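Below: one structure, written as structure tokens.
The values are calculated or read from the model by the stated rules, or taken from the named source; none is laboratory data. Bear in mind the structure is a predicted one, so any value in this text is a computation, not a measurement. Here the Cβ positions follow ideal geometry from the backbone for every residue, glycine too, while neighbour counts run over all protein chains shown. Quick note on the areas: whole protein, heavy atoms, side chains included, nothing else; ligands and nucleic acids left out. Shrake-Rupley method; radii C 1.70, N 1.55, O 1.52, S 1.80 Å.
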Amino acid sequence: MRRWGLLAKEALTQTLTFARFFCLFHVTNHYLWSPTLVFGPSMLPTLNLTGDVILAEYVSHRVGRLGPGDIVFVRSPVDPNKIVTKRIVGVEGDRVTYFKPRNGDSCHTVVVPKGHVWIQGDNLYASRDSRQFGPVPYGLIEGKAFFRVWPPNSFGSLG
Amino acid sequence: MSCICILGEISIMAAQNFLWSFTKNCFTFGLIGLTISDRYASIVPVRGSSMSPTFNLTTDSFMGSLSDDYVLVEKFCLQKYKFSHGDVIVFCSPSNHKEKHVKRIIGLPGDWIGTPMTNDVMKVPNGHCWVEGDNPSSSLDSRSFGPIPLGLIKGRVTHILWPPQRVRHIERKNHENILSPS
């Protein structure tokens, strides 16, 4: 009888330790920073096609310290299960001028509405971004990329 | 004399130990609570009358926040972003990411929504949904700000938990104004 009691206590302690580590892991990965694998041609030449490991931080977008020039991770407005990496070109109130290279170089100007941001990939020829799906609400931003860890020859902070 | 000093020192150390373990426990419970509220379910109060009579049946401004309904919001739906018509959801406002609103999903991607005001139909784009409040006369919803991206949704309301006489499961309600492909 006593053996079962001791066994139960041991199991409970182990479960609590596991729960503590799991919660710490979750809070760090969603509120502080985490490493992410990025791939795709839309941010060339800043980010490589595949194999880049980027550190994403989750503090700036919560305190509202994001501005034009920041590389951000955004939940795609076209498919909520995908997270895309783009650069912020304009924030609310900015007047953004853009052109679509495939559409005969036609130039358009748009004012970014309140609560939205205009995102574009660095590789304008191979990027589906705000030029196709319009300004995205600020609430879709998941994090900001601030440091590249891999490959080693481009180790360093991202501008 | 030295006995009193030693006793004083021991009691200070005991108080420091107690304070330290109390802080550690608070921190652990805070982390666990935050994880559960992000991944599984949380309890939030509903303000305003845009979802009357489903929530906040009586909008008594004298009672104010004392008469708000408290609801259970589940987060399992965020794994695949799979929603159905009639789901009541919590989402970040598209014009101010710090505000959260509670409305019902009327249209999913691919549905045609008819707006009786302008006698006009529009198709809900991919990755978006059309939301409306149950009380159309006092609800700021997709009829003003258009369809919202599914990525703004932060959870789905399943039950009312408070006040006790209104505890019940929230049912899906279908709308007569839409045409679905299926």
### Query
Could you give the angle, 0 to 90 degrees to the nearest 10, between helix A:2-27's Cα long axis and the longest principal axis of the Cα atoms of chain A?
20 degrees
### ³J(HN,Hα), Karplus 6.51/-1.76/1.60, whole Hz, each residue of the stretch A:98-111, x for Gly, Pro
9, 9, 9, x, 7, 9, x, 6, 6, 9, 10, 10, 9, 9
### Query
Any idea how far apart A:K9 and B:F29 come out in nm if each label point goes 7 Å out from Cα toward Cβ?
2.3 nm
### Task
With a 1.4 Å probe on protein heavy atoms only, tell me which residues of the stretch A:121-140 lose at least 10 Å² of accessible surface in the complex relative to the chain by itself.
A:P137, A:Y138, A:G139, A:L140
### Query
What FRET efficiency would be calculated for the residue pair A:L32, A:S106, taking the C-beta separation as r and a Förster radius of 51 Å, to the nearest 0.05?
0.75
### Task
Could you work out which residue, out of A:G143, A:G121, A:G64, moves most in a Gaussian network model of chain A, that is, has the largest mean-square fluctuation with Cα springs under 10 Å?
A:G64
### Carbon and sulfur %, accessible surface of chain B computed with the full protein complex present, 1.4 Å
62 percent
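Calculate what fraction, in whole %, of the accessible area of chain A sits on carbon and sulfur atoms when a 1.4 Å probe is rolled over the protein chains. The partial results should precede the final answer.
Working: 5760 of 9310 Å².
Of all accessible area on chain A, carbon and sulfur atoms account for 62 percent.
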### Task
Would you jot down the residues in the stretch A:68-101 that end up with at least 10 Å² less accessible area in the complete protein assembly than in the chain alone, with a 1.4 Å probe?
A:R75, A:P77, A:V78, A:P80, A:N81
### Summary
Taking only the Cα positions of the protein assembly as shown, the convex hull volume per residue in Å³ is 279 Å³
## Note on the structure
With the full set of protein chains present, the residues of the stretch A:103-120 whose 1.4 Å probe accessible area falls by 50 Å² or more relative to the chain alone are none
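Given the stretch A:33-157, report the % of alpha carbon pairs whose separation exceeds 16 Å.
On the way: 4706 of 7750 pairs.
Value for the stretch A:33-157: 61 percent of Cα pairs lie more than 16 Å apart.
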### Task
Compare the peptides B:91-102, B:143-154 by average per-residue count of other Cβ atoms within 10 angstrom and give them in order, highest first.
B:143-154, B:91-102
### Relative contact order (%) - chain B, alpha-carbon pairs under 8 angstrom, separation at least six
23 percent
### For the stretch A:33-157, with +1 on Lys and Arg beta carbons and -1 on Asp and Glu, the positive-most of A:V72, A:I54, A:Y138 along the dipole
A:Y138
### Message
Under 10 Å, Cα contacts only: if you run a Gaussian network model on chain A, which one of A:L55, A:L24, A:L37 comes out with the highest mean-square fluctuation?
### Response
A:L24
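Which value, in Å², gives the accessible area per residue of chain B when a 1.4 Å probe is used on the protein heavy atoms?
Working: 10990 Å² over 182 residues.
Result: 60 Å² per residue.
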### Message
Using only the alpha carbons of the stretch A:20-96, what is the convex hull's orientation-averaged projected area in square nanometres?
### Response
6.6 nm²
#### Entry: Between B and A, accessible area buried - total, square angstrom, nearest 100, 1.4 angstrom probe
1900 Å²
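Taking only protein heavy atoms into account and a 1.4 Å probe, give the accessible area per residue of the stretch A:5-152 in Å². All intermediate terms of the calculation are to be shown ahead of the outcome.
Working: 8020 Å² over 148 residues.
Solvent-accessible surface per residue comes out at 54 Å².
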